[in-house]
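Peer 1: One structure coming up, written as C-alpha coordinates, with questions to follow.
The values are calculated or read from the model by the stated rules, or taken from the named source; none is laboratory data. Bear in mind the structure is a predicted one, so any value in this text is a computation, not a measurement. We place every Cβ from the backbone using ideal geometry, glycine too, and count neighbours over all the protein chains shown. Surface areas here come from the heavy atoms of the whole protein model, side chains and all, with no ligands, DNA or RNA. Shrake-Rupley method; radii C 1.70, N 1.55, O 1.52, S 1.80 Å.
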Amino acid sequence: MYVDTVRKYSKAKLVYRAHNIENQIWWRLSLQKVDPFKKSYLRMHGRRIKNYEQQQLNLVDAISVFTPQDKATLLEYGIKVPIDILPIGLRLEKYMPDQSLTEFPSLFFLGSLDWLPNREGMEWFLDTFINDITTGDLPVKLYVAGNDIPDRFDDYEALGKVFIQGEVDDALEFVNSKSIMIVPLVSGGGMRVKIIEGMAMQKCIISTSLGAEGIHFTNGHDIIIANNREEFYTAMQKCIRDEHYCMELGRNARRLTEKEHDINVVTQNQVKFFEECCSR
(Lines give C-alpha, C1' and ligand atoms only; values in the text may rest on other atoms or scores of the structure.)
Protein backbone atom coordinates (compact mmCIF):
# COMPACT_ATOMS: atom_id res chain seq x y z
CA MET A 1 0.00 0.00 0.00
CA TYR A 2 3.07 2.28 0.02
CA VAL A 3 4.03 1.68 -3.60
CA ASP A 4 2.36 4.79 -5.04
CA THR A 5 3.95 7.06 -2.42
CA VAL A 6 7.41 5.56 -2.93
CA ARG A 7 7.08 5.87 -6.70
CA LYS A 8 6.11 9.53 -6.29
CA TYR A 9 9.25 10.48 -4.38
CA SER A 10 11.85 7.97 -5.56
CA LYS A 11 13.19 6.41 -8.75
CA ALA A 12 14.67 3.48 -6.81
CA LYS A 13 13.88 -0.04 -7.92
CA LEU A 14 11.34 -1.73 -5.68
CA VAL A 15 11.95 -5.37 -4.74
CA TYR A 16 9.36 -7.18 -2.66
CA ARG A 17 10.72 -9.84 -0.26
CA ALA A 18 7.89 -12.37 -0.02
CA HIS A 19 8.09 -14.26 3.27
CA ASN A 20 4.91 -16.18 2.41
CA ILE A 21 2.20 -16.35 -0.20
CA GLU A 22 -0.31 -15.01 2.30
CA ASN A 23 -3.51 -16.40 0.82
CA GLN A 24 -2.10 -19.93 1.02
CA ILE A 25 -1.89 -19.69 4.80
CA TRP A 26 -5.61 -19.03 5.09
CA TRP A 27 -6.54 -21.64 2.49
CA ARG A 28 -4.49 -24.31 4.27
CA LEU A 29 -6.00 -23.32 7.60
CA SER A 30 -9.47 -23.79 6.08
CA LEU A 31 -8.57 -27.38 5.18
CA GLN A 32 -8.08 -28.16 8.88
CA LYS A 33 -11.51 -26.92 9.92
CA VAL A 34 -14.54 -29.15 10.37
CA ASP A 35 -16.96 -26.35 11.20
CA PRO A 36 -18.48 -25.35 7.81
CA PHE A 37 -18.84 -21.69 8.86
CA LYS A 38 -15.16 -21.38 9.87
CA LYS A 39 -14.11 -23.23 6.72
CA SER A 40 -16.21 -20.93 4.55
CA TYR A 41 -14.95 -17.77 6.27
CA LEU A 42 -11.28 -18.76 5.95
CA ARG A 43 -11.73 -19.59 2.26
CA MET A 44 -13.46 -16.28 1.62
CA HIS A 45 -10.65 -14.46 3.44
CA GLY A 46 -8.08 -16.39 1.41
CA ARG A 47 -9.75 -15.44 -1.89
CA ARG A 48 -9.77 -11.76 -0.95
CA ILE A 49 -6.08 -11.83 -0.05
CA LYS A 50 -5.25 -13.71 -3.26
CA ASN A 51 -7.02 -11.06 -5.35
CA TYR A 52 -5.12 -8.32 -3.51
CA GLU A 53 -1.78 -10.10 -3.94
CA GLN A 54 -2.35 -10.59 -7.66
CA GLN A 55 -3.15 -6.88 -8.05
CA GLN A 56 -0.20 -5.60 -6.02
CA LEU A 57 2.70 -7.87 -6.88
CA ASN A 58 2.95 -6.71 -10.49
CA LEU A 59 3.43 -3.13 -9.25
CA VAL A 60 6.98 -3.75 -7.99
CA ASP A 61 10.08 -4.17 -10.15
CA ALA A 62 11.04 -7.62 -8.87
CA ILE A 63 10.22 -10.18 -6.20
CA SER A 64 12.46 -12.45 -4.13
CA VAL A 65 10.96 -15.55 -2.53
CA PHE A 66 12.33 -18.17 -0.15
CA THR A 67 11.23 -21.34 -1.94
CA PRO A 68 10.82 -22.78 -5.46
CA GLN A 69 7.22 -23.61 -4.50
CA ASP A 70 6.47 -19.93 -3.89
CA LYS A 71 8.01 -18.92 -7.20
CA ALA A 72 5.93 -21.52 -9.04
CA THR A 73 2.78 -20.26 -7.32
CA LEU A 74 3.43 -16.64 -8.29
CA LEU A 75 4.06 -17.63 -11.89
CA GLU A 76 0.74 -19.50 -11.86
CA TYR A 77 -0.91 -16.30 -10.60
CA GLY A 78 0.35 -14.48 -13.70
CA ILE A 79 2.99 -12.35 -11.99
CA LYS A 80 5.08 -10.82 -14.78
CA VAL A 81 7.97 -9.17 -12.90
CA PRO A 82 11.27 -11.05 -12.38
CA ILE A 83 11.20 -13.53 -9.48
CA ASP A 84 14.32 -14.91 -7.80
CA ILE A 85 14.71 -17.60 -5.12
CA LEU A 86 16.81 -16.39 -2.20
CA PRO A 87 16.74 -18.79 0.77
CA ILE A 88 17.23 -17.88 4.41
CA GLY A 89 20.84 -17.01 5.21
CA LEU A 90 22.55 -17.40 8.59
CA ARG A 91 25.80 -16.14 10.07
CA LEU A 92 26.95 -19.66 10.81
CA GLU A 93 29.68 -18.57 13.19
CA LYS A 94 26.87 -17.74 15.67
CA TYR A 95 25.59 -21.32 15.58
CA MET A 96 28.12 -23.40 17.50
CA PRO A 97 26.52 -26.51 19.04
CA ASP A 98 27.92 -28.05 22.22
CA GLN A 99 26.77 -31.67 22.56
CA SER A 100 28.00 -31.85 26.15
CA LEU A 101 25.16 -29.50 27.16
CA THR A 102 22.42 -31.40 25.26
CA GLU A 103 19.82 -33.49 27.06
CA PHE A 104 19.21 -36.79 25.28
CA PRO A 105 16.56 -37.81 24.63
CA SER A 106 14.37 -34.71 24.69
CA LEU A 107 11.74 -33.28 22.36
CA PHE A 108 11.28 -29.56 21.87
CA PHE A 109 9.30 -26.97 19.96
CA LEU A 110 10.35 -23.34 19.61
CA GLY A 111 8.15 -20.77 17.88
CA SER A 112 5.70 -17.95 18.34
CA LEU A 113 2.32 -19.37 19.30
CA ASP A 114 0.43 -16.19 18.45
CA TRP A 115 0.91 -17.28 14.80
CA LEU A 116 -2.10 -19.46 14.02
CA PRO A 117 -0.29 -22.20 12.02
CA ASN A 118 2.18 -22.73 14.88
CA ARG A 119 -0.57 -22.81 17.48
CA GLU A 120 -2.79 -25.23 15.60
CA GLY A 121 0.15 -27.50 14.78
CA MET A 122 1.22 -27.72 18.41
CA GLU A 123 -2.35 -28.24 19.61
CA TRP A 124 -2.61 -31.18 17.22
CA PHE A 125 0.71 -32.60 18.43
CA LEU A 126 -0.12 -32.24 22.12
CA ASP A 127 -3.65 -33.58 21.77
CA THR A 128 -2.30 -36.53 19.76
CA PHE A 129 0.74 -37.51 21.82
CA ILE A 130 0.22 -36.19 25.36
CA ASN A 131 -0.75 -39.62 26.70
CA ASP A 132 2.11 -41.38 24.89
CA ILE A 133 4.59 -38.96 26.47
CA THR A 134 3.13 -38.86 29.98
CA THR A 135 2.04 -42.48 30.53
CA GLY A 136 2.74 -44.37 27.30
CA ASP A 137 5.63 -45.77 25.30
CA LEU A 138 7.54 -42.54 24.57
CA PRO A 139 10.06 -42.23 27.43
CA VAL A 140 10.97 -38.63 26.76
CA LYS A 141 10.44 -35.10 28.06
CA LEU A 142 8.78 -32.45 25.89
CA TYR A 143 9.66 -28.75 26.12
CA VAL A 144 7.51 -26.06 24.44
CA ALA A 145 8.97 -22.56 24.24
CA GLY A 146 8.16 -19.36 22.39
CA ASN A 147 6.41 -16.02 22.52
CA ASP A 148 2.75 -15.45 23.38
CA ILE A 149 1.82 -18.97 24.43
CA PRO A 150 -1.92 -18.99 25.24
CA ASP A 151 -2.82 -19.65 28.87
CA ARG A 152 -4.74 -22.78 27.89
CA PHE A 153 -1.45 -24.46 26.97
CA ASP A 154 -0.69 -24.63 30.70
CA ASP A 155 -3.28 -27.43 30.85
CA TYR A 156 -0.89 -29.62 28.87
CA GLU A 157 1.87 -29.42 31.49
CA ALA A 158 2.67 -32.71 33.19
CA LEU A 159 5.07 -32.87 36.13
CA GLY A 160 8.46 -34.09 35.00
CA LYS A 161 7.27 -34.85 31.44
CA VAL A 162 5.77 -31.85 29.60
CA PHE A 163 7.11 -28.34 30.21
CA ILE A 164 5.38 -25.25 28.80
CA GLN A 165 8.22 -22.75 29.22
CA GLY A 166 7.04 -19.67 27.36
CA GLU A 167 9.60 -17.14 26.19
CA VAL A 168 13.25 -18.09 26.75
CA ASP A 169 16.11 -15.66 27.39
CA ASP A 170 18.45 -17.20 24.81
CA ALA A 171 16.86 -19.14 21.94
CA LEU A 172 20.10 -20.74 20.73
CA GLU A 173 21.00 -21.84 24.25
CA PHE A 174 17.57 -23.43 24.55
CA VAL A 175 17.94 -25.21 21.19
CA ASN A 176 21.41 -26.43 22.10
CA SER A 177 20.13 -27.90 25.38
CA LYS A 178 17.59 -30.20 23.68
CA SER A 179 18.08 -32.97 21.12
CA ILE A 180 15.02 -33.57 18.88
CA MET A 181 13.14 -30.67 17.27
CA ILE A 182 9.51 -31.18 16.26
CA VAL A 183 7.80 -29.06 13.59
CA PRO A 184 4.20 -30.34 13.32
CA LEU A 185 2.89 -27.68 10.93
CA VAL A 186 -0.22 -28.46 8.91
CA SER A 187 -0.78 -24.96 7.48
CA GLY A 188 1.26 -21.90 6.56
CA GLY A 189 3.84 -21.43 3.83
CA GLY A 190 7.37 -20.31 3.02
CA MET A 191 10.63 -21.42 4.61
CA ARG A 192 10.90 -21.81 8.39
CA VAL A 193 13.72 -19.83 9.98
CA LYS A 194 13.54 -22.02 13.09
CA ILE A 195 14.18 -25.19 11.07
CA ILE A 196 17.22 -23.67 9.36
CA GLU A 197 18.51 -22.53 12.75
CA GLY A 198 17.88 -26.00 14.18
CA MET A 199 19.80 -27.54 11.30
CA ALA A 200 22.69 -25.14 11.90
CA MET A 201 22.69 -26.27 15.54
CA GLN A 202 22.94 -29.92 14.41
CA LYS A 203 19.51 -30.85 15.68
CA CYS A 204 17.64 -33.99 14.74
CA ILE A 205 14.43 -32.58 13.21
CA ILE A 206 11.07 -34.28 12.71
CA SER A 207 8.82 -32.15 10.52
CA THR A 208 5.78 -32.36 8.30
CA SER A 209 6.39 -31.92 4.57
CA LEU A 210 4.80 -28.49 4.83
CA GLY A 211 7.04 -27.46 7.71
CA ALA A 212 10.15 -28.35 5.69
CA GLU A 213 8.88 -26.67 2.52
CA GLY A 214 11.61 -25.14 0.38
CA ILE A 215 14.52 -26.94 2.08
CA HIS A 216 16.55 -29.23 -0.16
CA PHE A 217 16.48 -32.08 2.33
CA THR A 218 16.76 -35.81 1.85
CA ASN A 219 14.21 -37.55 4.06
CA GLY A 220 15.96 -39.63 6.71
CA HIS A 221 19.33 -38.03 5.95
CA ASP A 222 19.00 -34.33 6.88
CA ILE A 223 15.44 -34.22 8.26
CA ILE A 224 12.78 -36.83 9.05
CA ILE A 225 9.42 -36.16 7.38
CA ALA A 226 6.27 -37.24 9.24
CA ASN A 227 2.81 -36.23 8.04
CA ASN A 228 0.47 -38.13 10.34
CA ARG A 229 0.25 -39.70 13.78
CA GLU A 230 1.75 -43.03 12.76
CA GLU A 231 4.73 -41.47 10.97
CA PHE A 232 5.41 -39.02 13.82
CA TYR A 233 5.19 -41.78 16.43
CA THR A 234 7.55 -44.07 14.50
CA ALA A 235 10.04 -41.24 13.94
CA MET A 236 10.02 -40.21 17.61
CA GLN A 237 10.49 -43.79 18.79
CA LYS A 238 13.47 -44.31 16.48
CA CYS A 239 15.13 -41.03 17.48
CA ILE A 240 14.56 -41.53 21.21
CA ARG A 241 16.17 -44.98 21.08
CA ASP A 242 19.10 -44.21 18.76
CA GLU A 243 21.32 -41.32 19.83
CA HIS A 244 23.90 -42.11 17.15
CA TYR A 245 21.25 -41.78 14.43
CA CYS A 246 20.11 -38.43 15.87
CA MET A 247 23.64 -37.08 15.92
CA GLU A 248 24.29 -38.22 12.34
CA LEU A 249 21.12 -36.51 11.14
CA GLY A 250 22.22 -33.35 12.92
CA ARG A 251 25.66 -33.39 11.33
CA ASN A 252 24.13 -33.87 7.88
CA ALA A 253 21.73 -30.99 8.55
CA ARG A 254 24.63 -28.71 9.48
CA ARG A 255 26.44 -29.59 6.25
CA LEU A 256 23.32 -28.68 4.29
CA THR A 257 23.10 -25.26 5.95
CA GLU A 258 26.77 -24.63 5.21
CA LYS A 259 26.17 -25.45 1.57
CA GLU A 260 22.92 -23.52 0.98
CA HIS A 261 22.22 -21.13 3.87
CA ASP A 262 25.55 -19.45 4.61
CA ILE A 263 24.79 -15.71 4.68
CA ASN A 264 27.89 -14.99 2.59
CA VAL A 265 26.64 -17.18 -0.27
CA VAL A 266 23.05 -15.91 -0.04
CA THR A 267 24.17 -12.27 0.07
CA GLN A 268 26.32 -12.65 -3.04
CA ASN A 269 23.34 -14.04 -4.92
CA GLN A 270 21.11 -11.25 -3.63
CA VAL A 271 23.54 -8.54 -4.75
CA LYS A 272 23.70 -10.17 -8.18
CA PHE A 273 19.88 -10.14 -8.36
CA PHE A 274 19.75 -6.46 -7.37
CA GLU A 275 22.36 -5.59 -10.02
CA GLU A 276 20.28 -7.39 -12.66
CA CYS A 277 17.20 -5.43 -11.53
CA CYS A 278 19.05 -2.13 -11.83
CA SER A 279 20.34 -2.96 -15.30
CA ARG A 280 16.84 -3.49 -16.71
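Peer 1: Taking the Cα centre of the chain as the origin, how large is its charge dipole in debye, to the nearest 20, when only Lys and Arg (+1) and Asp and Glu (-1) carry charge on their Cβ atoms? Walk me through the numbers on the way to the answer.
Peer 2: On the way: 34 positive and 39 negative charges, 262 e Å.
Around 1260 debye, computed over the chain.
Peer 1: At 0.36 nm per residue, minus the direct Cα-Cα distance, what do TYR9 and GLU167 gain on full extension? Give it in nm, one decimal, please.
Peer 2: Working: separation 158, 0.36 × 158 = 56.88 nm, distance 4.12 nm.
Extra length from TYR9 to GLU167 when fully extended: 52.8 nm.
Peer 1: How far, in nm, would the chain grow between ALA72 and ASN58 when pulled straight, counting 0.36 nm per residue and subtracting the alpha carbon separation?
Peer 2: Values: separation 14, 0.36 × 14 = 5.04 nm, distance 1.52 nm.
That pair, ALA72 and ASN58, stretches by 3.5 nm at full extension.
Peer 1: Now for a different question. Cross-link partners among lysines for LYS39, C-alpha distance below 17 Å, same-chain residues fewer than 8 apart left out?
Peer 2: Leaving aside lysines fewer than 8 places away in the same chain, those within reach of LYS39 are LYS50.
Peer 1: For the chain, set up a Gaussian network in which alpha carbons nearer than 10 Å are linked by springs, and say which option among ALA212, ALA145, ALA12 fluctuates the most.
Peer 2: Taking springs between Cα atoms under 10 Å, the residue moving most is ALA12.
Peer 1: Using unit Cβ charges (K, R positive; D, E negative) and no other charged atoms, how large, in debye to the nearest 20, is the dipole of the range 1-133 about its Cα centre?
Peer 2: Numbers: 18 positive and 16 negative charges, 191 e Å.
In debye, rounded to 20, the range 1-133 gives about 920.
Peer 1: Continuing with this model, one more query. For the chain, give me every cysteine whose Cβ has no other Cys Cβ within less than 4.7 Å, ordered by residue number.
Peer 2: CYS239, CYS277, CYS278
Peer 1: Right, here's the next one. Is there a pair in LYS94/LYS178; LYS71/LYS178; LYS33/LYS161 whose C-alpha atoms are over 23 Å apart, and which pairs would that be?
Peer 2: Long pairs (Cα-Cα over 23 Å): LYS71/LYS178; LYS33/LYS161.
Peer 1: Next question, about the same structure. Counting alpha carbon pairs within less than 8 Å and at least 6 residues apart, what relative contact order, in whole percent, applies to the chain? Intermediate results must be reported in sequence, preceding the final value.
Peer 2: Details: 461 pairs, mean separation 56.6, N = 280.
About 20 percent, as a whole number.
Peer 1: What whole-number value in Å² describes the accessible area per residue of the chain for a 1.4 Å probe? Don't skip to the answer; put the middle values down first.
Peer 2: Details: 14350 Å² over 280 residues.
That works out to 51 Å² per residue.
Peer 1: If you don't mind, another one. Take the solvent-accessible surface of the protein heavy atoms, probe 1.4 Å, and return the percent of it on the range 203-280 that carbon and sulfur atoms account for.
Peer 2: About 49 percent, which is the carbon plus sulfur part of the accessible surface.
Peer 1: With everything on Cα atoms, drop me the angle between helix 243-260 and the longest principal axis of the chain, reported from 0 to 90° to the nearest 10.
Peer 2: 10 degrees
Peer 1: Full extension from THR218 to GLU260: what is 0.36 nm times the residue separation minus their Cα-Cα distance, to one decimal in nm? Write down the numbers at each step before the final one.
Peer 2: Numbers: separation 42, 0.36 × 42 = 15.12 nm, distance 1.38 nm.
Gain on stretching THR218 to GLU260: 13.7 nm.
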